[in-house]
1. Going by what's in this entry, would Tyr41 be described as within 16 Å of the chain's Cα centre (by Cα) and either open to solvent by 80 Å² or more (accessible area, probe 1.4 Å) or modelled with pLDDT under 50 (or both)?
2. Being over 21 Å from Tyr186 (Cβ atoms), open to solvent by 20 Å² or more (accessible area, probe 1.4 Å), in a helix (DSSP H, G or I) and not polar (S, T, N, Q): is that true of Lys140 here?
3. Mind checking which residues of region 190-209 are in a helix (DSSP H, G or I) and either at pLDDT 95 or above or touching a helix residue (DSSP H, G or I) at 6+ places or on another chain (Cβ under 7 Å) (or both)?
4. I'm trying to understand the selection: among the residues of region 81-99, which are touching a Gly at 6+ places or on another chain (Cβ under 7 Å) and open to solvent by less than 30 Å² (accessible area, probe 1.4 Å)?
5. Hey, does region 64-80 have a residue that's part of a loop (DSSP other than H, G, I, E, B), over 19 Å from Leu228 (Cβ atoms) and open to solvent by 40 Å² or more (accessible area, probe 1.4 Å)?
6. Identify, by number, the condition in (1) at pLDDT below 75; (2) of a type in the set (Asp, Glu); (3) touching a helix residue (DSSP H, G or I) at 6+ places or on another chain (Cβ under 7 Å) that Glu71 doesn't meet.
7. Can you name the residue in region 211-262 that is among the aliphatic types (A, V, I, L, M), closer than 22 Å to Tyr186 by Cα and assigned to a loop (DSSP other than H, G, I, E, B) and, of all such residues, is most open to solvent (accessible area, probe 1.4 Å)?
8. Please count how many residues of region 201-210 are under 16 Å from Leu243 (Cα atoms) and open to solvent by 70 Å² or more (accessible area, probe 1.4 Å).
Amino acid sequence: MHKINHLILLIAVFSFSACNINQMVIRQMEPILLQSSNALYEESDLQLAEQALAANLKLVEGLLKNDPENEELLLLLAQGYAGYALGFVEDVDPQRAKVFYLRAREYALHILQKDKAFYNAENAGLEALTQIVNSYGAEKVPPLFWAGFAGAGYLNLDLGNPMALMDLPKIQLFMDRVEALEPSFYYGAVYLYQGSVLGMKPVIMGGNPAKAKEYFEKNLELNQQKFLLAYIYMAKYYAAKTLDEELFDQCLNKVETAPLDILT
């Protein structure tokens with residue numbers, strides 16, 4: 001009996017050690033995964049970039065199973081699935097893109113929900129959630145941004161669903177906090193979100209085309225006119241809405257004629 005107990009103890013210790021070793025190895029890989037993610041932005045062959053991103057996402061999900069609370073991996077997956085949905089899926093298969101946006105949002109929310117106060121406030125209503133989110137500092141910007149960005153991506157594809165629209169106040173709360181804390185995060189994409197919301201809404205419901213344009217111009221100024229997504233958003237949510245054909249053509253021409261390595 002003593003030998004059996006000793007064997008069980010050894011197995012338990014070995015399993016615990018193996019778990020720790022796996023986590024150590026995964027955390028040593030984090031810088032490599034981050035660099036791999038950055039390399040995708042520099043890839044000029046879009047088909048290769050799509051295939052590489054899909055493969056990387058499944059690799060990171062496999063690593064996450066061995067270290068499920070790893071915030072770097074969770075953020076990589078939130079960013080990766082949101083980017084995959086926006087860049088490669090949304091235009092050809094909106095229903096499939098919605099699945100990926102939801103997956104991205106859940107990975108980001110998982111980080112925020114580790115805070116019990118946030119988790120409880122989510123179920124207590126917007127006022128309670130606002131108090132918690134507005135108490136956060138800059139360290140919470142990445143999960144707030146990706147939860148908001150992915151949620152907005154999903155909502156944009158499901159505007160006819162009243163249940164989806166109920167998430168808009170939460171998305172707006174997250175993005176307002178990001179703008180207050182670190183508006184330059186991820187190329188200042190929070191400005192694109194704010195501009196698109198103001199440009200998309202009718203004026204009678206709070207829309208403001210002039211303010212929307214200001215947000216897009218803020219993004220362009222921040223990135224020295226290098227973040228091309230700003231031109232696409234300006235064309236779609238300002239120029240098209242105000243019937244400014246000249247500006248619309250100028251924005252698209254900027255994208256079409258820009259060098260592939262403009263961000264590097």
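The values are calculated or read from the model by the stated rules, or taken from the named source; none is laboratory data. What you are looking at is a predicted structure, and each value in this text was computed from that prediction instead of being measured. Reconstructed Cβ throughout: ideal geometry from the backbone, glycine too, with neighbour counts over all protein chains shown. Areas reflect the complete protein model, heavy atoms only, side chains present, ligands, DNA and RNA absent. Shrake-Rupley method; radii C 1.70, N 1.55, O 1.52, S 1.80 Å.
1. Details: within 16 Å of the chain's Cα centre (by Cα): yes; either open to solvent by 80 Å² or more (accessible area, probe 1.4 Å) or modelled with pLDDT under 50 (or both): yes.
So Tyr41 passes the test.
2. Values: over 21 Å from Tyr186 (Cβ atoms): no; open to solvent by 20 Å² or more (accessible area, probe 1.4 Å): yes; in a helix (DSSP H, G or I): yes; not polar (S, T, N, Q): yes.
For Lys140, the condition - over 21 Å from Tyr186 (Cβ atoms), open to solvent by 20 Å² or more (accessible area, probe 1.4 Å), in a helix (DSSP H, G or I) and not polar (S, T, N, Q) - is not met.
3. Going residue by residue through region 190-209, those that are in a helix (DSSP H, G or I) are 190-200, 203-205, 209.
Listed by number, the residues that qualify are Val190, Tyr191, Leu192, Tyr193, Gln194, Gly195, Ser196, Leu198, Gly199, Met200, Pro209.
4. Within region 81-99, the first condition is being touching a Gly at 6+ places or on another chain (Cβ under 7 Å), and the residues that meet it are 82, 85-86.
Listed by number, the residues that qualify are Ala82, Ala85.
5. Kept after step one, since they are part of a loop (DSSP other than H, G, I, E, B), are these residues of region 64-80: 67-70.
Those still in the list that are over 19 Å from Leu228 (Cβ atoms) too: 67-70.
Right, trim to open to solvent by 40 Å² or more (accessible area, probe 1.4 Å) and you get 68-69.
Yes: region 64-80 contains one or more residues that are part of a loop (DSSP other than H, G, I, E, B), over 19 Å from Leu228 (Cβ atoms) and open to solvent by 40 Å² or more (accessible area, probe 1.4 Å).
6. Here Glu71 clears every test but (1).
7. Going through the qualifying residues, I end up with Leu260.
8. Counting residues in region 201-210 that are under 16 Å from Leu243 (Cα atoms) and open to solvent by 70 Å² or more (accessible area, probe 1.4 Å) gives 2.
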